[in-house]
Amino acid sequence: MWARWVWSNFKQSVYVYWTHITPREMGVEVQGMKSNCQPWRWMSWSLPLLSLMMAGPAIANSANFASLQLSPGFSPSPQTVKGYAKGAIALHRIVGERDMQKNLCLGYGSSSPDHMLVLKRRFTKLKLQVNSQRDTTLLIKGPGNRLYCLDDSEKGKDAGWISDQLPAGKYSIWVGAFERGQQFRYTVTVEEL
């Protein structure tokens, strides 16, 4: 009974919000209110606020798996995070066909980043290496929308990345399967060089 009342009032509030019709125009008499009072005004800020509150946890934790926050000289080195590649969506559809160096963005993964790497300060040289014994790709989107798309590394078919002079900021990391539909476990090691 209570849920039905809440749903009914919610539907009416949404209708009033989107159409900007006052309760009086809908035939609802609000007792104790002056004729120039507009009780529907609260909805102009309450529904967007409610939506933001409900989306808050999704915005705050946008990675599928563990994240890292690092400063130069971090210990222990290397740091390791684990994940599970799903190979569902072409990664180039998420960020574009090519990165800043004109490398193709290959592989299949999740629509949201697998990991977040937060660099608290500038790093002189940093290495990321995927370990899976499979054919993997690596897509990294950094501050200022800097995009890095990587495939094979010196370790073979597992993707790796070595970069100089990385600015502080947030880096979104996708680990992709080279072929669509592949699913497997992996680790990513992060090491300061």
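The values are calculated or read from the model by the stated rules, or taken from the named source; none is laboratory data. Keep in mind it's a predicted model, so treat the numbers as computed, not measured. With ideal geometry, Cβ positions are generated from the backbone for all residues, glycine too; neighbour counts draw on all protein chains shown.
Some values worked out for this structure:
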{"item": "Qualifying residue in the stretch 161-181 (condition: without any contact (Cβ under 8 Å) to a residue 24 or more places away in the chain, farther than 20 Å from residue 101 by Cα and surrounded by fewer than 19 Cβ atoms within 10 Å (Cβ to Cβ))", "result": "no"}
{"item": "Residue ID - modelled with the lowest pLDDT, chosen from residues in the stretch 76-91 that are surrounded by fewer than 18 Cβ atoms within 10 Å (Cβ to Cβ) and over 25 Å from residue 191 (Cβ atoms)", "result": "88"}
{"item": "Contacts under 6 angstrom Cβ, first residue in the stretch 65-86 being more than 15 Å from residue 131 (Cα to Cα), partner among the β-branched types (Val, Ile, Thr), 6 or more apart", "result": "66/81; 69/118"}
{"item": "Checking residue 111 against (1) out of contact with any Ser or Thr (no Cβ under 7 Å at 6 or more places or on another chain); (2) more than 16 Å from residue 65 (Cα to Cα); (3) among the small types (Gly, Ala, Ser), the condition it does not meet", "result": "(2)"}
